[in-house]
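Chemist: Provided herewith is a single structure, encoded as structure tokens, for subsequent inquiry.
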Amino acid sequence: MRQRRTNNREIVAWKIYTVPELARILRIGPGTVYNRLSRGDDLPKFFRVGRKVRFEGKAIQDFINSQYEK
């Protein structure tokens with residue numbers, strides 16, 4: 001299986017990522033991430049800290065791997 005490059009940075013499983021960081025990793029705009037969140041579209045599992053949205057590194061890795069399996 002081919003590995004996907006993410007701007008020459010590895011995703012750290014234990015790190016918590018913000019929406020702009022996730023957007024950079026997925027190579028989409030932050031607005032697209034917010035739109036997908038509001039519509040309930042396919043994104044990594046997330047949690048909220050107050051009104052802020054956060055993503056676990058492991059969930060991002062799993063999401064990217066699942067996209068390659070489709």
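The values are calculated or read from the model by the stated rules, or taken from the named source; none is laboratory data. Note that this is a predicted model, so its numbers are computed, not measured. Cβ placement follows ideal geometry from the backbone for every residue including glycine, while neighbour counts extend to all protein chains displayed. Just so you know, the surface numbers come from the protein's heavy atoms only, side chains and all, with ligands and any DNA or RNA stripped out. Shrake-Rupley method; radii C 1.70, N 1.55, O 1.52, S 1.80 Å.
Chemist: Given a 1.4 Å probe, how much area per residue of the chain is accessible, in Å²? Could the numbers behind the result be given before it?
Modeler: Values: 5200 Å² over 70 residues.
Value returned for the chain: 74 Å² of accessible area per residue.
Chemist: Expressed as an acute angle from 0 to 90° and rounded to the nearest 10, what is the orientation of the C-alpha long axis of helix 30-39 relative to the principal long axis of the chain?
Modeler: In the chain, helix 30-39 runs at an angle near 70 degrees to the longest axis.
Chemist: Over the chain, with a Gaussian network built from C-alpha contacts below 10 Å, which listed residue (50, 29, 40) shows the highest mean-square fluctuation?
Modeler: In the Gaussian network model the winner is 50.
Chemist: Sort 61-67, 21-27 for me by packing, meaning the mean count of neighbouring Cβ atoms within 10 Å per residue, highest on top. Write down the numbers at each step before the final one.
Modeler: Working: 61-67: 14.1, 21-27: 17.7.
Final packing ranking: 21-27, 61-67.
Chemist: Quick one: length gained pulling residue 27 to residue 69 fully straight, 0.36 nm per residue minus the C-alpha distance?
Modeler: Working: separation 42, 0.36 × 42 = 15.12 nm, distance 1.88 nm.
The residue 27-residue 69 span can extend by a further 13.2 nm.
Chemist: In nm, what is the difference between 0.36 nm times the number of residues separating residue 13 and residue 62 and their Cα-Cα distance? Could you put the intermediate results ahead of the total?
Modeler: Working: separation 49, 0.36 × 49 = 17.64 nm, distance 0.98 nm.
Using 0.36 nm per residue and subtracting the Cα-Cα distance, I get 16.7 nm.
Chemist: How much accessible surface does residue 54 have with a 1.4 Å probe, in Å² rounded to 10?
Modeler: 60
Chemist: For the chain, which whole-number percentage of the solvent-accessible area (1.4 Å probe, protein heavy atoms only) is attributable to carbon and sulfur atoms? Mind showing how you got there, number by number?
Modeler: Working: 2520 of 5200 Å².
On the chain, the fraction of accessible area on carbon and sulfur atoms equals 48 percent.
Chemist: Continuing with the same structure: Round to the nearest 10 and give me the degree value, 0 to 90, for the angle of helix 57-69's Cα axis relative to the longest principal axis of the chain.
Modeler: That works out to roughly 60 degrees.
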